[in-house]
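*Asks:* Sending over a structure as structure tokens; questions will come in a sec.
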Amino acid sequence: MVVLTNLMAQQTIWRLPEESRVLFATLIVAGAFVLILGLIPVLQTLPPRGRRAIVVTVTFLAGLFFAAEFFLPVDWTAIFPKDDPKRNFLTPAIQPAQNVLQIIGALALGLGTFGLVRLHLRNAVQRRAQWGYSIVLLVSFVVMAAFSILNTLAEKKIVERGPVLERGFAILFDHTLIQLDAAMFSLVAFYIFSAAYRAFRIRSVEASILMFTAMLVMIGVVPLGAQISPALPTIANWVLAQLNAPAQRAIEFGVGIGGLAMAIRLWLSLERGVT
Amino acid sequence: MSYQHAQDNWFSAIIIGFIALAVLMNILRAQLGAQLYIRRIPGLDAIDEAIGRSTELGRPVTMIPGLTSFGVVAVQALTIFKYITKQIARFATPMRLLSGDPTVFAVAQEAIADAYNEAGRPDLYDPDNVRFLSDRQFAFASGVAGLIQRERVAANFMFGEFFAESLIFAETGNMVGAIQIAGTVSFTQVPFFVAACDYTIIGDEFYATSAYLSREPVLLGSLVGQDIAKLLFALTTLGGVIAASIAGTDAPIIKLLGQPGGWEAFWKSVLQGGGQ
């Protein structure tokens, strides 16, 4: 306890000296591997109720960490004079915890990519329906991955950036991928038009009000509206600020409360959906 | 990097505490046997109709959790998809779950396998039906749109967090004549779904879905707790409007409510009877 108090006072528990960081990080990674390798067989031998108890405990402790960090007082300078008055002793651990989440995300990305490649390899090998698309995907995947990895290595000066790599990377990413993204995004404009046509067709009193209001707002917020009548921009702004914004805020309140209730259920393992 | 704390804002700390208390108390009430009412949500009643249509046509059902990363929104979306999959398993209807986030994909595989097991049809589960397409927004959008077109899906369920790609999914589904039910917490995408889908679940109705479908006491109790919290928000707003109208916007208590500070400001205000 004395050691911990001293460490907290010196703020060295999360801020290690530069030379100790590599050793400390290696120990953490090795410890995590040992823990995972030991935990998997233990979990498999446990009955479902025992496994659930472990999951419930870990979930509760993880949630408790974030809740405690938020609710605990931040100013501890009366006890630890060197401490930052804008954080408590759990605050510096927030970033490492978020890094862990990123690492899990990166591992899952590998899993997702494996699933995608396996599916399309099977499609191509077994010549299933539309297997040509699978060939296109696999070739694109390999070429993109190769150029992306080589480009990263070149940025780190591990390999030399030759003209083939430079030109190939530019063609694939700047002239192909980004343009395809832009093409997909531009489709939204056409889809808005077709969806708006259906939504604004006058079929009922509500649809008529919707169409009339939408037209007022659309004309009011463009320069043409002010040319037609100075009242139009005022009306459009009134609709946006007095009618639209409160309705959106009400929806946001509801969503926020719903999310908080869901988080509490997950934290206390009361939610049985996918857990 | 600085983080927000309860000590920085007394108002949010009290509100969070109240919402948590309201939710937990009502969960307890429901567990003790209180009969709780939940109103009808037409979009959720239509889920079975959409599955029935897919079964009749022999065409697949698609489920899209959007681009959301793993969190409460994704858990809620997967809970809904699990319910849909259980219904699908009864009729052996083909399904595709298309994910744009690898963590959601990993959990979705387990959830869908569980759903087939719980429905008593583990033989129908095919891991290839739960697919990760891409974590790039428009690559994912083109993958989903292509699959909807090629497989001529009969029902399209979109539950989760969506961005600019929402209309690409919804309009593509509309083109192939699919019954579409969408539910999202992204209120900027709600107009697109309303325009292009048959049924749209708006805002916090999204979080009510699992309670509505399962009728579990814990979830129903939580829902009543949320409604009480919403009532508190409405009353606070109304009270603020009345107080500001009577006392004026410069009154110390209105300033304290409008720009809440830390506990120091709160206690100072309480001890001085709303004064500074």
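The values are calculated or read from the model by the stated rules, or taken from the named source; none is laboratory data. Just so you know, these numbers come straight off a predicted model, no measurement behind them. With ideal geometry, Cβ positions are generated from the backbone for all residues, glycine too; neighbour counts draw on all protein chains shown.
*Asks:* (1) surrounded by 14 or more Cβ atoms within 10 Å (Cβ to Cβ); (2) more than 25 Å from B:TYR3 (Cα to Cα): which one isn't true of A:VAL42, the others all being true?
*Replies:* (1)
*Asks:* Follow-up. On the basis of being closer than 30 Å to B:ILE168 by Cα, crowded, with 21+ Cβ neighbours inside 10 Å and within 9 Å of chain A (Cβ to nearest Cβ), does B:VAL73 make the cut?
*Replies:* In short, yes.
*Asks:* OK, next. Tell me the residue from B:ALA234, B:ALA195 that is out of contact with any Pro (no Cβ under 9 Å at 6 or more places or on another chain), without any contact (Cβ under 8 Å) to a residue 40 or more places away in the chain and more than 26 Å from B:ARG29 (Cβ to Cβ), please.
*Replies:* Sole residue among the options that is out of contact with any Pro (no Cβ under 9 Å at 6 or more places or on another chain), without any contact (Cβ under 8 Å) to a residue 40 or more places away in the chain and more than 26 Å from B:ARG29 (Cβ to Cβ): B:ALA195.
*Asks:* Also: Just to verify a result, which residue in region A:241-252, among those that are among the hydrophobic types (A, V, I, L, M, F, W, C) and surrounded by 14 or more Cβ atoms within 10 Å (Cβ to Cβ), is farthest from the other protein chains (Cβ to nearest Cβ)?
*Replies:* A:ALA250
*Asks:* All but one of (1) among the β-branched types (Val, Ile, Thr); (2) at the interface with chain A (Cβ under 7 Å from one of its Cβ atoms); (3) within 21 Å of A:MET184 (Cα to Cα) hold for B:ILE202; which doesn't?
*Replies:* (3)
*Asks:* May I ask you to list the residues in region B:149-172 that are within 19 Å of B:ILE80 (Cβ to Cβ) and away from every other protein chain (no Cβ under 11 Å)?
*Replies:* Residues satisfying the conditions are B:VAL153, B:ALA154, B:ALA155, B:ASN156, B:PHE157, B:MET158, B:PHE159, B:GLY160, B:PHE162.
*Asks:* Could you give every pair whose Cβ atoms fall below 6 Å, whose first residue belongs to region A:259-273 and is surrounded by fewer than 19 Cβ atoms within 10 Å (Cβ to Cβ), and whose second residue is of a type in the set (S, T, N, Q), counting only separations of at least 6 or pairs across chains?
*Replies:* Within 6 Å, the pairs are A:SER269/A:THR59.
*Asks:* Only one of these is over 22 Å from A:ARG272 (Cβ atoms), at the interface with chain A (Cβ under 10 Å from one of its Cβ atoms), in a helix (DSSP H, G or I) and touching a helix residue (DSSP H, G or I) at 6+ places or on another chain (Cβ under 7 Å): B:PHE193, B:PHE187, B:PHE105. Name it.
*Replies:* Within the list B:PHE193, B:PHE187, B:PHE105, the selection yields B:PHE193.
*Asks:* Being within 10 Å of chain B (Cβ to nearest Cβ) and surrounded by 15 or more Cβ atoms within 10 Å (Cβ to Cβ) is the filter; apply it to region A:67-83 and report the residue that is modelled with the lowest pLDDT.
*Replies:* Step by step, filter region A:67-83, then rank; the result is A:ASP75.
*Asks:* Looking only at region B:10-21, decide whether some residue is of a type outside the set (Gly, Ala, Ser) and either on the phi > 0 side of the Ramachandran plot or at the interface with chain A (Cβ under 8 Å from one of its Cβ atoms) (or both).
*Replies:* Yes: region B:10-21 contains one or more residues that are of a type outside the set (Gly, Ala, Ser) and either on the phi > 0 side of the Ramachandran plot or at the interface with chain A (Cβ under 8 Å from one of its Cβ atoms) (or both).
*Asks:* OK, next. Given the conditions (1) over 23 Å from B:PHE81 (Cβ atoms); (2) hydroxyl-bearing (Ser, Thr, Tyr); (3) within 38 Å of the chain's Cα centre (by Cα), and given that A:SER269 satisfies all but one, which numbered condition is not satisfied?
*Replies:* Against the list (1) over 23 Å from B:PHE81 (Cβ atoms); (2) hydroxyl-bearing (Ser, Thr, Tyr); (3) within 38 Å of the chain's Cα centre (by Cα), A:SER269 comes up short only on (1).
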